[in-house]
Amino acid sequence: MLQLKKLVKTYRTGDQALKMIDLEVPDGQVLALIGPSGAGKSTMIRCINRLVEPSSGEVWLDETELTRLGAGALRRARRKMGMIFQEYALVERLTVMENVLSGRLGYVGFWRSLARRYPQKDVDEAFRLLDRVGLLHMADKRADELSGGQRQRIGICRALIQDPKLLLVDEPTASLDPKTSRQIMRLICELCAERGLAAIINIHDVALAQMFVSRVVGLRFGEIVFDGGPTELSPDK
Ligand code: ADP
Ligand code: ADP
């Protein structure tokens, strides 16, 4: 279970991006985080794995308080949290396969992925994942030869090869057309169900969120203003 306790983030500019957030996400639950631009969605996702340092409050993943960890322990804990980004964050000149495998290293600099020889079990798992998302035949292509939807599938494989228990997903469809967006949301939610993963999916397209998730949390001005099932959400929220 993921728990946020009285989580606060105030940027140095004075922006109060998160004001006392309390939230519990049980194992295996997929949650959509919605709200207008500037509501604090990105900040919340990034405070969980401490890409952004919270100002105060606690983040717990099972028995571990992430907000207390030093650098080494944090690096290990981050392996349990896969991240998927709006703009994919792929290394363009590497192949699809190399991009997926780079997930085994955490986000420590892509040059190591060229130098390092991967264990066969990682390579096998990468092939399995690429097969699952329909990109097996693209494994040796360069990432920059692929379409947006295909690139996001690589991003999904790269997150999953970490064998995380939680996915942090930041606007996965914001750069995609409506049809591809639905495919990507469906894929992420199916994979979470297959693997028993929890996920927080930051998404501003409310209708898309309602289609696929069982719980919607609405943020506005850094506060939770809605928390419930997708059908309880009125159109003006
Ligand atoms: P979003 O699409 O999530 O609203 P933004 O365009 O607001 O993203 O932010 C893009 C980048 O700029 C992010 O890395 C964010 O952290 C940073 N950023 C956003 N707002 C500010 C700000 N007021 N001052 C400094 N950096 C900001
Ligand atoms: P959302 O993801 O919902 O669009 P963000 O978390 O990006 O919201 O932003 C929440 C608030 O924090 C906004 O007021 C934004 O301008 C501010 N903010 C985000 N990133 C930074 C940053 N790096 N420095 C200063 N302010 C920021």
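No value in this document is a laboratory result; all are computed from the given coordinates. Remember, it's a predicted structure, so these values are computed and weren't measured experimentally.
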What residues have an amide H closer than 5 Å to that of ILE84, excluding those fewer than 5 places away on the same chain, when H is modeled at 1.01 Å from N in the peptide plane?
-> LEU168, VAL169, ASP170
Directionally averaged shadow of the stretch 125-237, computed from the convex hull of its alpha-carbon atoms, nm² | 7.8
Can you tell which of LEU69, LEU208, LEU191 shows the greatest fluctuation in a Gaussian network model of the chain with Cα springs below 10 Å?
-> LEU69
Anchor LYS121: lysines whose Cα lies under 26 Å away (excluding residues fewer than 8 positions away in-chain) = LYS80, LYS141, LYS165
With only helices counted (DSSP H, runs n ≥ 4, each -39500 (n - 2.57)), the per-residue ellipticity at 222 nm for the chain, to the nearest 500, works out to -9500 deg cm²/dmol
When we measure straight from the Cα of LYS179, which aspartates and glutamates land under 16 angstrom away, once same-chain ones fewer than 8 places off are left out?
-> GLU171, ASP205
Beyond 32 Å, what share of the Cα-Cα pairs of the chain remains, rounded to the nearest whole percent?
-> 18
Vicinal HN-Hα couplings computed from phi for the stretch 177-194 (Karplus, 6.51 cos²θ - 1.76 cosθ + 1.60; Hz; Gly/Pro x) = 6, x, 5, 5, 4, 5, 4, 5, 4, 4, 4, 4, 5, 5, 5, 4, 5, 4
